[in-house]
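Heads up: the structure comes next, in structure tokens.
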Amino acid sequence: MALRTEINADVPVAARGEFAPLVLDEGLQVWPPVVLAPMAGVTNPPFRTLCRRQGAGLYVAEMLHVRGLTEGNAKTLKLASFGEDESVRSIQIFGADPREMAEATRFLVSEVGVHHVDVNMGCPVRKITARGGGSALPARPELMRAVLGAVVRAAGDVPVTTKIRLGLDDERVTWPDALAAAEGEGCRWLGVHARTAAALYSGAARWDEIARVKERASIPILGNGDVWEAFDALRMMRQTGCDGVIIGRGCLGRPWLFRELADAFDGREPGDPPNLAQVLVLLREHAELLVAFFGEHKGVRELRKWCAWYTKGFAGSPRVRDALARIESLQELDVWLDQLDPDQPFPRSALRVTRAKRGGSQDHVSLPEGWLDLAERERRDARAPHRAATGADAAGDDESLPAESCGHAP
């Protein structure tokens, strides 16, 4: 039996026919029903390459602000690039202006050739929510509808999905409005991170809330949160009834998780995780891919965080971690990695160790000034009889919301 933690000790692999592929359109099915979460600074082409080599699923490029795409920002355009071996080009965008979101989507479809666009409506980070993006957007349901509708129309035949959190906090739950908007505007599925924005990554993900969303949904629901082992994905789908799983922090420094997921969903017992020698081979390969993509100066700096993630939990790693966080070259990388004992098996205690985004909750979610007041005004306007008479429906007309209401930070 593969290395497992106690919570998954008795979880069986998938039975034949137990789960179905995710379907984006007739020609694009995802098996196993597993999606690499788009993570800023993480799911760039080098890491996606490593993940694809390990297993199967859908690998989404990192979240990009649409303004960088529409203005032709060189850094943004580089991160929107795909390798020649990426047969499915999937990307996530964020923003709060329907016009900009539509323009960026048309660019991605026509110029980049993407096959799938995901709209971020769940990021809890201050610099995102303070601009009206991420988890701030569902707090304004009418604007959210306009954004999703604009993206779906601009995408044409390219499928659009979206990902959310449960709400801003426990008092301001937004998933019902987000589900209604995703269904009404033609999204193919809805991903749900089972925490609020205020919770950040603290506490346990509330899988029971994923089940509640699934009970009300007419589109597929993907669960996200606390999937550290392949068997967590099976437990989540069995407990909640969700249609697929989004993998985030659990794969940081562990791209082989996708191989284990493929095995478990295909009914095979996964093998043990790699020992340290095998992990270091992957780390060195990752390093070379980063340098090839970014150049040595930036590539090595991008590598620093990965050094900590790959070596987390192994004996001796704390001793070299500070030095690895300051490396300036691949030669320095090799010098410090040579000080570790390569024969160590992967430690069971490291299976569920957080490798990034640590810390507690936040007291409040940062929003643009007057954001919730605008939401209430838009709700009243949407209910007013003259809306139907004039045809000014915010959910169906990009022009219905003034540009100044879209929450751009000054």
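The values are calculated or read from the model by the stated rules, or taken from the named source; none is laboratory data. None of these values were measured; they are calculated from a predicted model. Because the Cβ atoms are built from the backbone with ideal geometry, glycine has one as well, and the counts that use them run over all protein chains shown.
Of the strands (runs of 3 or more DSSP E) lying entirely inside the range 21-80, those containing at least 3 residues that are touching a residue at least 40 places away in the same chain (Cβ under 8 Å) are 22-25, 34-36, 58-65. If ILE164 passes every condition in (1) within 28 Å of PHE293 (Cα to Cα); (2) touching a His at 6+ places or on another chain (Cβ under 9 Å); (3) in a strand (DSSP E or B) but one, which one does it miss? The single condition ILE164 does not satisfy is (1). Per this entry, GLU288 is counted among residues that are in a helix (DSSP H, G or I), acidic (Asp, Glu) and in contact (Cβ under 8 Å) with a residue 24 or more places away in the chain. A count restricted to the range 285-310 and to residues that are surrounded by 16 or more Cβ atoms within 10 Å (Cβ to Cβ) and over 22 Å from ALA37 (Cβ atoms) stands at 4. Against the test of being acidic (Asp, Glu), touching a Phe, Trp or Tyr at 6+ places or on another chain (Cβ under 9 Å), without any contact (Cβ under 8 Å) to a residue 60 or more places away in the chain and over 21 Å from PRO124 (Cα atoms), the options GLU18, GLU111 yield a single qualifying residue, GLU18.
With respect to VAL34, determine if the residue is of a type in the set (Val, Ile, Thr) and over 30 Å from VAL291 (Cβ atoms).
Numbers: of a type in the set (Val, Ile, Thr): yes; over 30 Å from VAL291 (Cβ atoms): no.
So VAL34 does not fit the description; no.
Among the candidates THR174, THR161, THR129, the residue that is at negative phi, out of contact with any strand residue (DSSP E or B) (no Cβ under 7 Å at 6 or more places or on another chain) and among the hydroxyl-bearing types (Ser, Thr, Tyr) is uniquely THR129. Looking across the range 81-111 at every residue that is hydrophobic (A, V, I, L, M, F, W, C) and either touching a Ser or Thr at 6+ places or on another chain (Cβ under 8 Å) or not in a helix (DSSP H, G or I) (or both), the one that is farthest from LEU148 (Cα to Cα) is identified as PHE82.
Given the criteria among the charged types (D, E, K, R) and within 29 Å of GLU185 (Cβ to Cβ), does GLU229 qualify? Judged against the criteria, GLU229 is not a match.
Just checking, how many residues over the range 251-281 are within 20 Å of THR43 (Cα to Cα) and either in contact with a helix residue (DSSP H, G or I) (Cβ under 6 Å, 6 or more places away or on another chain) or in a loop (DSSP other than H, G, I, E, B) (or both)? Number satisfying all stated conditions: 13. Answer with yes or no whether ASP85 is over 19 Å from the mean Cα position of the chain (by Cα), surrounded by fewer than 19 Cβ atoms within 10 Å (Cβ to Cβ) and of a type in the set (Asp, Glu). Criteria met by ASP85. Contact annotation: residue pairs with Cβ atoms under 7 Å, 6 or more positions apart or on different chains, pairing a residue in the range 156-168 that is touching a residue at least 12 places away in the same chain (Cβ under 8 Å) with a partner that is polar (S, T, N, Q) and assigned to a loop (DSSP other than H, G, I, E, B), are ARG165/THR196; LEU166/THR196; GLY167/THR174; GLY167/THR196; LEU168/THR174; LEU168/THR196. Screening CYS307, CYS406 for residues that are modelled with pLDDT of 95 or more and within 29 Å of the chain's Cα centre (by Cα) leaves exactly one candidate, CYS307. Among the residues of the range 193-207, not a single one is in contact (Cβ under 8 Å) with a residue 60 or more places away in the chain, closer than 23 Å to LEU374 by Cβ, touching a helix residue (DSSP H, G or I) at 6+ places or on another chain (Cβ under 9 Å) and part of a helix (DSSP H, G or I).
Considering the range 154-168, and only residues there that are buried (at least 23 other Cβ atoms within 10 Å of the Cβ) and not aliphatic (A, V, I, L, M), the residue that is farthest from PHE94 (Cα to Cα) turns out to be GLY167.
When residues in the range 251-274 are screened for being surrounded by fewer than 22 Cβ atoms within 10 Å (Cβ to Cβ) and under 25 Å from LYS214 (Cα atoms), 3 of them pass.
Filter the range 310-348 down to residues that are among the hydroxyl-bearing types (Ser, Thr, Tyr) and in a helix (DSSP H, G or I) and give me whichever is nearest to the chain's Cα centre (by Cα).
Restricting to residues being among the hydroxyl-bearing types (Ser, Thr, Tyr) and in a helix (DSSP H, G or I), the top hit is TYR310.
Condition check for ASP170 on (1) part of a loop (DSSP other than H, G, I, E, B); (2) in contact with a Lys or Arg (Cβ under 9 Å, 6 or more places away or on another chain): one failure, at (2).
With respect to (1) surrounded by fewer than 14 Cβ atoms within 10 Å (Cβ to Cβ); (2) aliphatic (A, V, I, L, M); (3) closer than 26 Å to GLU142 by Cα, the lone exception for ALA15 is condition (3).
Do you know which of the residues in the range 215-243 that are in a helix (DSSP H, G or I) and either in contact with a Phe, Trp or Tyr (Cβ under 7 Å, 6 or more places away or on another chain) or outside the structural domain of ASP118 (by TED's automatic domain parsing) (or both) is surrounded by the fewest Cβ atoms within 10 Å (Cβ to Cβ)? Filtering first and then ranking leaves GLN239.
Does ARG301 satisfy being within 19 Å of LEU50 (Cβ to Cβ) and without any contact (Cβ under 8 Å) to a residue 12 or more places away in the chain?
It is true that ARG301 is within 19 Å of LEU50 (Cβ to Cβ) and without any contact (Cβ under 8 Å) to a residue 12 or more places away in the chain.
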